[in-house]
Amino acid sequence: MQSISKRVVKRTRLVVALCAIGLAAAGLTACGGGMSGNVAVQIGGNSISKATFAHWMTIAAHSSSAPGATPAAAPVPPNFTACIASLPKTVPAKGQAPPTPAALKAQCAQQYQSLQTEVLGFLISTQWVLNEAPAHGVTVSDKAVQQKYAQIKAQQFPTAAAFQKFLASSGYTVPDLLLRVKLDLVSAQIQQKVEGTPTVTAAQIANYYKQNPRNFVTPEKRNLEAVVTKTLASANQAKQEIQSGTSFATVAKSLSIDPTTKDKGGVLIGIAKGQEAPPLDTAIFSAKTNVLVGPVKATAGYYVLEVTSVTPSSQQTLAQAQTSIKQQLTSTQQQTVFSAFVKQFQKKWTAKTNCRAGYVVMDCKQYKAPATPPGAAQGTPQQGAPQQGAPQQGTPQQGAPQQGAPQQGAPQQGAPQQGAPQQG
């Protein structure tokens, strides 16, 4: 299962640099103390400074740049001077006026709002995870962090020059990356402690098997030879040639438009019922073996086919299925426990997150949701709220860990994987 940190930061391009985790990093405030003038967010006894926020705004802006392009400048209100200067210069279409200074400023202002939500949500949610560690007896040594970091760096960067190029283009520092590694290690341990190892009984396994018989059926599969043509006339020609004794392989090579089977004798292996759209599926599974069928009109064209062999459907026994059922039930129980933890985790840390005006996002206790216009959709999850399923690619995941089954997926281009920088 994915660790908490992966659920929190997997799809952002940010790397954690926060207080109270035992490693030095540029741009961090001292932990503890009141809400002084340089503090943007106070979480319990730890603070996120305005300088820290600005540091990660720069990284976020760099990460939003197109690969190979000059890194974009972070948008800084109120004038957004550097952001406007770094905007790509576009030539307006014929008859259109170039964008006005006001339009460019509005573009940077919109970018600021988006990146501010991403950066603050990330920093806050990460601090929540790190602050949660002591409650579960979780500690990670600097030596363990260094070892894991060195391993990942060696995997992703073949040369020192490649690594230095990454640092220069991304804005990350080595301490930043060490902190990300530590976050991953800490969060993985928290999740393991929370989920534990549930007990799954033989009775539960048997009950699941009884209630979900279709999950353990291997469907009937058929092997066939087929020629796919673009027109009905070509399909009739193919059928006639095969009936006259020409092999499927020869006819497929000369007449088929299917690139997958054209040069493979027209052979299709292991077609399961329901795999193809009707009426092709119906034709395949109603055909007798070694009997020529068609032409059958389908999405890809006209099929002339012959089923060569049939593997009947089969039902796994309880003994055969019990290992996979146990894994499924264990995972489900762990997810249930973790989902309950997530709800309490978010509630607990939101109440302790005090944000200065101008730095308020959904994970702050001061946050007030805007009034919903009449007729608008209800139930939009708050930033930081657990959400089921895999997050959409390209959308920063904020706040608490994600509820539901962990999903694997490619991180954003340029995003560090497993706490280490990704070569780009």
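Calculate the spin-label point distance for residue 100 paired with residue 344, positioning each point 7 Å from the Cα along the beta-carbon direction, and give it in nanometres.
Output for this residue pair reads 5.6 nm.
What are the semi-axes of the equivalent ellipsoid for segment 207-260, taken as the square roots of 5 times the Cα gyration tensor eigenvalues, largest first, in whole Å?
Listed largest to smallest, the semi-axes of segment 207-260 are 39, 12, 10 Å.
Would you mind putting 115-123, 267-275, 168-176, 96-104 in packing order, based on average other-beta-carbon counts within 10 Å, highest first?
Packing proxy ranking, top to bottom: 115-123, 168-176, 267-275, 96-104.
Please list 244-253, 300-309 highest first by mean number of surrounding beta-carbon atoms within 10 Å per residue.
300-309, 244-253
Given points 7 Å out from each Cα along the Cα-Cβ axis, report the residue 113 to residue 275 separation in nanometres with one decimal.
With each label point 7 Å from Cα toward Cβ, the separation is 5.0 nm.
What full-extension length gain, to one decimal in nm, is calculated for residue 313 and residue 160 as 0.36 nm per residue of separation minus the Cα-Cα distance?
Contour length minus the Cα-Cα distance gives 49.5 nm.
Only the coordinates and a few stated rules stand behind these numbers; no lab work does. All values reported here derive from a predicted model rather than from experimental measurement. Ideal geometry is used to build each Cβ from the backbone, glycine not excepted, and the neighbour counts take in all protein chains shown.
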